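**Q** This structure is in structure tokens; I'll ask about it shortly.
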Amino acid sequence: MKKIYAGSGYLYLTESVAAGDTPRVFATEADAVAYYNARGNPPGIWLGSGLDGLDLKMGDKVAEEQMRFLFGEGMRPDAQRVMDSYVAANTHRVRKPGDAERIVEEAVRAARLGRAFPKYQQGTLDYTERFNRQVDKILIEQGREPTPAELREARKVAAQKSKQAVAGYDLVFAPVKSASMLWALHDSQAVRAQVKWAHDAAVAEALKYLEEHAAFTRVGAGGPAQVDTRGLVAVSFDHFDNRNGEPHLHTHLAVANRVQAAGDGKWRTIDGRPLHFITVTAGAVYDSAFRAELRKRLGVEWRMRTDTKASKEPVWEVAGVKDEWIKSFASRREGIIERYNELATDYRTAHGRTPDKATERQLARTANLDTRNVKGTAKSLGELNAVWRDQFTDRFGADALEGFQKVVGKPRSTSTPVSGLDLPALAEEVTARVSEYRATWNRWNIDAATHRTLAERGIILTDHAQRTALVGQITNTALGESISLEAPAVVPEPAVLRRKDGVSVFTPHGATRYTSEQILNAENDLVQAATIPGVIDAVPTDRAKAALNDFEQRENRNLDAGQRKLVESFATDTRQTVAGIGPAGTGKTTAMRALAHVVEADGRRLVPLASSGAAAAVLAAELGLPAENVHKFVHEHIKGKRAPDLYQDAPVPAAFEQFRIRPGDVVLVDEAGMTGTLNLDRLRQITDHHGAALRLLGDHYQFSAVESGGALRLIAAETPTVVLDEVHRFHDPAEAEASLSLREGDNASIDFYAANGRLHAGDTDNLRERVYQAWLSDTRDGKVSLMIAGTNNEVTALSARAREDLVRSGNVASDGVSLYDGNRAGTGDLIVTRTPRRDLACQGGQFVKNGGTWLVESRYGDDALAVRNTDHGGRLVLPAAYVAESVELAYAVTGHRSQGRTVDTTHTLIDPDLCGREGVYVPATRGRDANHLYFTVEVPEDQPLTPEREQSEAQAAFVRVLDRDDAEHSATETLRDNLARAGTIADLAEKLAYTEELRTARRHDNAPADDGVLNLAPWIAAAPTGDDPKPDSLAGYCSALADAIADRARELAQAAVTERPHWMAYLGEEPTDPTAKEMWHERVAIICAATDHTSHDQNNPWEWTPKTPDERRNLDIASAAAHQAHDLTTGARTPDQIPYPETEVHQQQQTRQSQQQDGYDHYGTASIYAPMQPGIQDPTGPRPA
């Protein structure tokens, strides 16, 4: 899904539309002929239940003017008619100058759907200038240097993207490639039409799903309440091919960012939260519907693509359409890429620089034209069909084309019988499927998993209602068996504050997260195992220390304090499970080798495990011990054919000896954060059963498991854990220090990377070439370098770029076999295997592992490859089928695959919109010498980046990435966070403010306003309760919220008085005078409440930076209360001299505003008090008179 921005953002959808009245629905044969003969893509049509409020019908053709009004200006599609009618009806009101203009303005408002699109001023300042402005503001307004926290916040503010009004959302639905080829290549126009109709029906079903689960809007100041609407307004545009001219039937569903609230009928913007969460599930709904429709219409059968069987999301292709046919059109993409790279190389040779964006686009167009069989752009569907058939016949022959005729059978309207299905068992299977990959989940995850489970079971329901009902039943059953992680409401909402689904308007639809008893038990058992001492027989401390001394002498090196402490903890701790945290480059490998020595010296055995086969091979080489991957190890103990013998510690064949666990063994899991929670707990059970120790080593700030994760983070937070803190990897000590700051997400770390020329920015194509050239230069200089990218597509493109140069230089054969990633590999290429195959082994016994890197030594006639492993040197032959399904080029890697590696340099391509903190931290810590980061940004053609602007854009992107944490949290942490949030003043005050607003609007017979909160700080003045005493009324609800807020403030204050955190020192001891004592306690409560209102730590009420004037006001009130409490204790003021803190703040604010001289806003987010930092007993600065 992508955003459609207001203004001209919609034009890409209409540029290729055919002129004239091309039909989208075939009423007659003539309509079908016109559809296939019209040049260009057909015009869009209106869809969605929200059309009822616009006097439009589903299926109506969309006019260019309608798109301009709705998506360009946020107005009714028929805005011109509405405005003309309004002006005509009100012409009689024109009596004096200005009346006509006022009526036109009224006409525009009458035609507008809600508020006008906001017009954001596009700033001319770059990041550096914006940051300096923020710093200067603090210097001028506060008369002091900014604190580190304020500098971090200033960087975040300066790094924010310029805002653009969002006019809509573009969701793309497309069938699998085999179905597109059936549509493109079948002889019969009737068959092709049936494929298209199946696609349309599936899009309609996906849209219905979106309307049920994503058509909401938000109301109230700040949008705290999510309410129902009357449906979506959408436009669908059919496109026939991709940008490479290959057959690619797909529909752009442009959903307008305007919905009509069900309650008051007002037009508002969509609540985008559920829309973003639901897109993957909507795709699963489309896929299920399309498979069912095609089976019903054409009798098509489906097969799972063999190369996706192990995937979380297997792909289903039309049975009978061969994989080589499906990949055939990808060869043209390769040709375009090769031709583009040739043109770009020629340009660099001629001009001595890389092409700018405009030139790149021209080169891309040239490459596209140079490799097309038929010139021209706009073609009719009939012409495209002819071109595609010719291309396919040229490649595979006429007989192969006949194969598409055979995949079509007799229409099958019958469905899988539902009566015989075991729904509870299916729901249990779905829950188990999701819990293997997620620690927590929502409804959309269960829905998507249900569709995939039904597909794998071969359950296809051709009836839409039956299919929807079955999925709903299974999903509801699975959610019913899951455990909700939502905290119960402190004050339950009355019926008027609930949507039609019965859920509170303060809880976004589908936002409830769930987990399973299995996940919670696994997390709890792991924490308990890492908490309880005296469980295992560990290495005696004196022996461990002696063995460590011996290790240091043998290795002629000294371990740092952290490494030594980690080894001693892992060897001597009597807890069954112990975790250790090793940030990147802190010497985990050295510590593991020392542990192996200590364990062996005590007559025990170390059993190393890793997250993958390739990682296990590296670990084995580093430790000189056999190592295995976690999945294989757990499988052999639970489901393997020798599992009973392993459980009973009975004799096993030699091949299984490495899986045996004996009392006293130490099982070490390297990169434990990349192992799923359930597998870690299974390991705990296995080791505990055999009296062995389990040791987990990793870093929860690096990439986590693709399975259900968060366990290592939880264990590290809950139990005694050694953390390595000395970084050894980098040649520059400053980079070591910066890496630790980067790990924590501290944006101050960017200073090192900026100062050392490590940050780069540009558009994607430009940066891809720069990444490649930098990598090539380092490689030619003899350095071990990595090209890293955030997505598989970019990895594929970078690898293709490398291969092209290698072919041109003669180091790699130009011909080759097709690989899984769409590239080709020939003699001399580096490839990586993606699926473990223990039956494919070298003479020395080393088998094919996931992540193994190989050099192609020769190619056989059947497309098998003779290869040599780049690590251990073993040779074997990879069968052609395996090559096609599980092999990729190895010149570039993803960030996940780079984890655990150490090289000289790295060059990483990063999309800031898709990357979180760990996506930068891991690549930026692989290289000893240098780690370069290349951030993709939008570069207007008329505004090329200067070196200064590039640095500024790169720093801004870097800050945004560091502010995003994508790591999965455990179910336990999620539940605790939700419980901690519920009942806070931040939570209660938001609900109270909206409800007060709603009551006020109702008293005036008006709908809730969208701005203006009646009570910004409800812990200062009690909320009005009105005259209605009913407990379930709005008045009663407000009263209950106000009481809950007061109770919360008193509880926090009592805790502060009892526990005496450091900030209480300034307030002093409670006075003895009853009046002063009561006032002093009130001030303590106000400080606690203000902190709780902004969701900050009660132990540090001053250590946060306000982001809004309201937050600034709350902090100022708390500061005033602190000064007043201090004065009451010291006797500086008597109770009758002290006003209410809010009054004092207002007085100070007026004084400051009257003294403005330099043009800065002296209130805004600037304090009227000096900062009250920990340890400062008597803050200086403006004090009350």
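Computed from the coordinates by the stated procedures, all read-outs in this text should not be read as laboratory data. For clarity, every value in this text was computed on a predicted model and none was experimentally measured. Positions of Cβ are backbone-derived with ideal geometry, glycine not excepted, and every protein chain shown enters the neighbour counts.
**Q** Please work out the FRET efficiency for the pair residue 558 and residue 432, using the Cβ-Cβ distance as r and a Förster radius of 30 Å; give the result to the nearest 0.05.
**A** It comes to 0.05.
**Q** Which FRET efficiency value, to the nearest 0.05, is calculated for residue 84 and residue 119 with the Förster distance at 25 angstrom and r the Cβ-Cβ distance?
**A** 0.50
**Q** Can you run phi through the Karplus equation (6.51, -1.76, 1.60; θ = phi - 60°) for region 602-612 and list ³J(HN,Hα) in whole Hz, with x for Gly and Pro?
**A** 8, x, 10, 10, 9, 10, x, 10, 9, 7, 8
**Q** Please grab the % of Cα pairs in region 524-723 that end up more than 25 Å from each other.
**A** Beyond 25 Å sits 30 percent of the P(r) for region 524-723.
**Q** Further question on the same structure: Using Cα pairs closer than 8 Å and at least 6 residues apart in sequence, work out the relative contact order for the chain, in percent.
**A** 9
**Q** Could you check the simple spin-label distance between residue 737 and residue 1143, using points 7 Å along Cα→Cβ, in nm with one decimal?
**A** In this crude label model, residue 737 to residue 1143 measures out at 5.1 nm.
**Q** Then there's this: Aspartates and glutamates near residue 500 by alpha-carbon distance under 17 Å, same-chain residues fewer than 8 away left out - which ones?
**A** Correct list for residue 500: 211, 212, 228, 264, 271.
**Q** When a footprinting reagent is the concern and you count Cβ atoms within 10 Å, what order do 45, 788, 532 take, fewest first?
**A** Sorted ascending by nearby Cβ count, the order is 532, 45, 788.
**Q** Just list whichever of 327/783; 588/849; 161/588; 2/309; 177/296 have alpha carbons separated by over 31 Å in the model shown.
**A** 327/783; 161/588
**Q** May I pose another question? For residue 645, what charge total do you get from the other residues with a beta carbon under 14 Å from its beta carbon, if Lys and Arg give +1 and Asp and Glu give -1?
**A** Computed value for this residue: +2.
**Q** Could I ask something else about it? How would you order 985-991, 265-271, 1087-1093 from highest to lowest mean count of nearby Cβ atoms within 10 Å?
**A** So the peptides 985-991, 265-271, 1087-1093, ranked by packing, come out 1087-1093, 985-991, 265-271.
**Q** Can you compute the charge dipole magnitude of region 764-936 about its Cα centre, using +1 on each Lys and Arg Cβ and -1 on each Asp and Glu Cβ, nothing else charged? Give it in debye, rounded to the nearest 20.
**A** I would put it at about 440 debye.
**Q** How high is the FRET efficiency between residue 549 and residue 1065 when r is their beta carbon distance and R₀ equals 56 Å, given to the nearest 0.05?
**A** Calculated value: 0.75.
**Q** For volume of the Cα convex hull per residue in Å³, the choices are (1) 235; (2) 222; (3) 260; which was calculated from the structure?
**A** The calculated read-out lines up with (2).
**Q** Based only on other Cβ atoms within 10 Å, what is the fewest-to-most ordering of 309, 849, 639?
**A** If I rank by nearby Cβ atoms, fewest first, I get 639, 309, 849.
**Q** Expressed in nm to one decimal, what extension gain is obtained for the pair residue 656 and residue 620 from 0.36 nm per residue of sequence separation less their Cα-Cα distance?
**A** 11.3 nm
**Q** Would you compute, from DSSP H runs of 4+ residues alone, the mean residue ellipticity of the chain at 222 nm, taking -39500 (n - 2.57) per run and dividing by the full residue count, rounded to the nearest 500?
**A** For the chain, the value works out to -14500 deg cm²/dmol.
**Q** Please arrange 815, 829 by how many other C-beta atoms lie within 10 Å of their C-beta, fewest to most.
**A** 815, 829
**Q** Calculate, in nm to one decimal, what residue 1003 and residue 149 gain on full extension: separation in residues at 0.36 nm each, minus their alpha carbon distance.
**A** 303.0 nm
**Q** Given the chain, what percent of its DSSP beta bridges are antiparallel, to the nearest 5?
**A** The answer is about 60 percent antiparallel.
**Q** What order, most packed first, do the peptides 450-458, 994-1002, 177-185, 157-165 have when packing is the mean number of other Cβ atoms within 10 Å of each residue?
**A** 177-185, 994-1002, 450-458, 157-165
**Q** Still on this structure, I have one more. Roughly speaking, what is the stretch gain from residue 755 to residue 1110, that is 0.36 nm per residue apart minus the C-alpha to C-alpha distance, in nm to one decimal?
**A** Going from the current span to full extension adds 124.1 nm.
**Q** Separation between the residue 1151 and residue 463 pseudo-spin-labels, each 7 Å from Cα along Cα→Cβ, expressed in nm?
**A** Using points 7 Å along Cα→Cβ, the separation is 7.8 nm.
**Q** Okay, next question. Around residue 411, with a cut-off of 12 angstrom between Cβ atoms, what is the net charge of the other residues, counting Lys and Arg +1 and Asp and Glu -1?
**A** Net charge around residue 411: +4.
**Q** Between residue 600 and residue 868, what is the spin-label point distance in nm, taking each point 7 Å from the Cα along the Cα→C-beta axis?
**A** Label at residue 600, label at residue 868, 3.0 nm between them.
**Q** Considering the dipole of the chain built from charges on the beta carbon (Lys and Arg +1, Asp and Glu -1) around the Cα centre, which of 927, 480, 454 is farthest to its positive end?
**A** It is 454, whose Cα lies furthest towards the positive end.
**Q** With +1 on each Lys and Arg Cβ and -1 on each Asp and Glu Cβ, how big is the dipole of the chain about its Cα centre, in debye rounded to the nearest 20?
**A** Rounded to the nearest 20 debye, it is 2580 debye.
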